[in-house]
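Heads up: the structure comes next, in structure tokens.
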Amino acid sequence: IRYRDAIQYVHDKTVYGMNNGKGVFALMQEISLPERLDVGQKYGSVAWSVRGIYEGYVGWFDEKPESIYSVPRETVYPDLVDLAGGPDRVAALAKEKLVDGNLVEGLYLTSAALWVDSKHRAALETRIRLLEALEDGAGNFNERAWLRHARKLSEGKLAED
């Protein structure tokens, strides 16, 4: 009954937020289970459920016109990395994010640097450290498994040199 009630709670809070104009990322950050409904998050997370509910109702369109086209955002990574001063500068900024504890932002930056140069040593090393830090703080099995998988892929790329 508690599990069912927890699911219903997350559903209702998500729909309420949607009806009040909140975006998916805001709701992912805001919604949490009250203590009486805390059923643990060993194989998923409330934030992931919020996103699934949100996208289940509104679909994939995020109100950003660029999303309606088949051109992925990564196609502009080379331009952005170039504007930032190249992969070395982007990897250095990612390392600053690691130090500052902004781990996911650091991952985004390493993704951009590695899109431009898939074997960029500093970007791979920083990405591995970011993934390790996220893995250490992971709240559930699936999150840890995906982070570990991504880390091993990055370690494999680094070992290719």
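The values are calculated or read from the model by the stated rules, or taken from the named source; none is laboratory data. Owing to the predicted nature of the structure, the values given are computational and were not obtained by experimental measurement. In this analysis, Cβ positions are derived from the backbone assuming ideal geometry, glycine residues included, and neighbour counts consider all displayed protein chains. Accessible surface areas use protein heavy atoms only, side chains included; no ligands, DNA or RNA. Shrake-Rupley method; radii C 1.70, N 1.55, O 1.52, S 1.80 Å.
Okay, residues lined up against (1) in contact (Cβ under 8 Å) with a residue 40 or more places away in the chain; (2) within 17 Å of the chain's Cα centre (by Cα):
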{"site": "ARG89", "(1), (2)": "no, no"}
{"site": "LEU109", "(1), (2)": "no, yes"}
{"site": "TRP115", "(1), (2)": "yes, yes"}
{"site": "ARG121", "(1), (2)": "yes, no"}
Legend entry - Filter result for ARG2 (without any contact (Cβ under 8 Å) to a residue 40 or more places away in the chain, more than 22 Å from GLU105 (Cβ to Cβ) and open to solvent by 80 Å² or more (accessible area, probe 1.4 Å)): yes
Inset, instruction - Check LEU98 against each of (1) under 30 Å from ILE7 (Cα atoms); (2) open to solvent by less than 30 Å² (accessible area, probe 1.4 Å) and name the one condition it does not meet. - result: (1)
Inset, instruction - Test GLU105 against the stated conditions and say whether it is without any contact (Cβ under 8 Å) to a residue 12 or more places away in the chain, acidic (Asp, Glu) and surrounded by 11 or more Cβ atoms within 10 Å (Cβ to Cβ). - result: yes
Inset, instruction - Would you mind stating whether LEU107 is at pLDDT 95 or above, closer than 24 Å to ARG151 by Cβ and either of a type in the set (A, V, I, L, M) or outside any loop (DSSP other than H, G, I, E, B) (or both)? - result: yes
Inset, instruction - Quickly run through segment 1-29 and pick out the residues that are among the basic types (Lys, Arg), within 22 Å of GLU63 (Cβ to Cβ) and in a helix (DSSP H, G or I). - result: LYS13
Inset, instruction - Could you tell me which numbered condition GLU66 fails, if it satisfies all but one of (1) open to solvent by 90 Å² or more (accessible area, probe 1.4 Å); (2) under 22 Å from GLU135 (Cβ atoms); (3) among the charged types (D, E, K, R)? - result: (2)
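Table: residues versus (1) within 27 Å of ALA112 (Cα to Cα); (2) open to solvent by 80 Å² or more (accessible area, probe 1.4 Å).
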site: VAL15; (1), (2): no, no
site: GLY21; (1), (2): no, no
site: TYR57; (1), (2): no, yes
site: PRO78; (1), (2): yes, no
